[in-house]
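The values are calculated or read from the model by the stated rules, or taken from the named source; none is laboratory data. Predicted, not measured: the structure shown is a model, and the values here were computed from it. Here Cβ is always computed from backbone atoms with ideal geometry, including for glycine, and neighbour counts include all displayed protein chains.
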Amino acid sequence: MAVMTRWVAIQRSNDRGAAEVVAMVAIAPLVIAVALLMVALGRGVDASTVVRSAAFAGAQAAALERTPAGAHAVAEHVALSVLDQNPHCVAPEVIVDVSGFGPGGLVSVMASCAPREVGVDAVDSLRRELGWPHGGAVGLSAPVGTRRVAVATAVVDRFRFSQSLQFGT
């Protein structure tokens, strides 16, 4: 009986650590997936915030101009420069509506961009070399959703005129 107990003890000692290895093999991909999801959500929120800021900045800049052509040019330039400064925003677009431009009128700016896809660069380059389809067979690339769109409207100052006032002589 003592020999049998010793043999069982030896067999159990040989299996030590196997559970930790299995746990790491199962848990590591899950941890990486959760990390990628967090990054993807962060990029999506960042893109939404930048799009809102770009639309607001463009509308405010257009409202300060004196002519519809100047308002259109400035709004587009300001909104695109805000969108271009963010590395997580790809394919930015800006649409400016100055049809209501005039004293007390409205200027609207619609800005949009797509959030950049999240992935592990080393795995993505390996995926391209092996010719795997978009998204990767390893599952380490996650899309972050649809285009983010924001519209902002600003009121043109009622006392802002395109021509200077001339007081009578």
- [ ] Would you point out the residue of the stretch 95-104, among those that are within 11 Å of residue 156 (Cβ to Cβ) and surrounded by 15 or more Cβ atoms within 10 Å (Cβ to Cβ), that is modelled with the highest pLDDT?
- [x] 98
Open item on the list: Between a residue in the stretch 107-121 that is crowded, with 21+ Cβ neighbours inside 10 Å and any residue that is of a type in the set (Phe, Trp, Tyr) and at pLDDT 80 or above, which pairs come within a Cβ distance under 9 Å, given they are 6 or more apart or on different chains?
Closed with: 107/101; 109/56; 111/56
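Condition test on residue 42, is it modelled with pLDDT under 85 and touching a Ser or Thr at 6+ places or on another chain (Cβ under 6 Å)?
Numbers: modelled with pLDDT under 85: yes; touching a Ser or Thr at 6+ places or on another chain (Cβ under 6 Å): no.
It is false that residue 42 is modelled with pLDDT under 85 and touching a Ser or Thr at 6+ places or on another chain (Cβ under 6 Å).
Residue under question is residue 99, and the condition is that it be within 18 Å of the chain's Cα centre (by Cα) and of a type in the set (Gly, Ala, Ser); does it hold?
Details: within 18 Å of the chain's Cα centre (by Cα): no; of a type in the set (Gly, Ala, Ser): yes.
No.
Going through the stretch 50-70 one residue at a time, which ones are of a type outside the set (Val, Ile, Thr) and touching a Ser or Thr at 6+ places or on another chain (Cβ under 8 Å)? First the steps, then the outcome.
Filtering the stretch 50-70 for residues of a type outside the set (Val, Ile, Thr) gives 52-66, 68-70.
Across the stretch 50-70, the qualifying residues are 59, 66.
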Task: Some residue of the stretch 79-94 being at pLDDT 90 or above, over 22 Å from the mean Cα position of the chain (by Cα) and either polar (S, T, N, Q) or farther than 30 Å from residue 44 by Cβ (or both) - done: no
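Tell me which residues, restricted to the stretch 72-88, are out of contact with any Pro (no Cβ under 7 Å at 6 or more places or on another chain) and in contact (Cβ under 8 Å) with a residue 40 or more places away in the chain.
From the stretch 72-88, those out of contact with any Pro (no Cβ under 7 Å at 6 or more places or on another chain) are 72-79, 81-82, 85-87; that's our starting set.
86 - this is the single residue of the stretch 72-88 that is out of contact with any Pro (no Cβ under 7 Å at 6 or more places or on another chain) and in contact (Cβ under 8 Å) with a residue 40 or more places away in the chain.
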